[in-house]
1. In 5 Å bins starting at 0, how do the alpha-carbon pair distances of segment 37-139 split up by percent?
2. Using the per-residue mean of other Cβ atoms lying within 10 Å as a proxy for protection, in what order, highest first, do the peptides 81-87, 28-34 fall?
3. Enter the Cα centre distance for the pair segment 89-139 and segment 23-60, rounded to the nearest angstrom.
4. How much of the accessible area of segment 20-95, probe 1.4 Å, is carbon plus sulfur, in whole percent?
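The values are calculated or read from the model by the stated rules, or taken from the named source; none is laboratory data. Predicted, not measured: the structure shown is a model, and the values here were computed from it. Quick reminder, even Gly has a Cβ in these numbers, built from the backbone with ideal geometry, and neighbours come from all protein chains shown. Side chains included, ligands, DNA and RNA excluded: accessible areas come from the protein's heavy atoms. Shrake-Rupley method; radii C 1.70, N 1.55, O 1.52, S 1.80 Å.
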Amino acid sequence: MKRVFTNLSWLCLASLLALSSCRKKQTFEERIVEELAAYNQHEAPKRMDEVTVMDSLRYEPESRTIAYFYTLEGLADNDSVLTEGVREQQRDGLLANLRGSIQLKPYKEQGLNFEYRYYSRKSGKLLMRFAFTADDYNQ
């Protein structure tokens, strides 16, 4: 009986190894989609400060872009407050963070694009949008 159990154990182990070796290897883009979905499920929405909530992240394969979706509320949820100077300061800050980000290094090494979209809590309207390519963050 012990010999049958041992043979059965080896047969099960061999079957598991064979099945796992047949599993399709995940592509980089499939891994991005999976990682962002996990982030959205466990971390989003996430309050960034008193006027900003990060709602979600999404990978857009056609443009090879990781898109961040934010909602602005309170004082920032106003077109008149978002002057050209404020927009420029926000863009410069995002680019500096992107350039210095260690967490985004694997994505930057693949030359992915990054986009940041800010929407109004009141109207749902797009208030600001910033897009960066490898040429921007590799300077």
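1. 2, 12, 21, 25, 20, 13, 6, 1
2. The packing order, highest mean first, is 28-34, 81-87.
3. 14
4. 52
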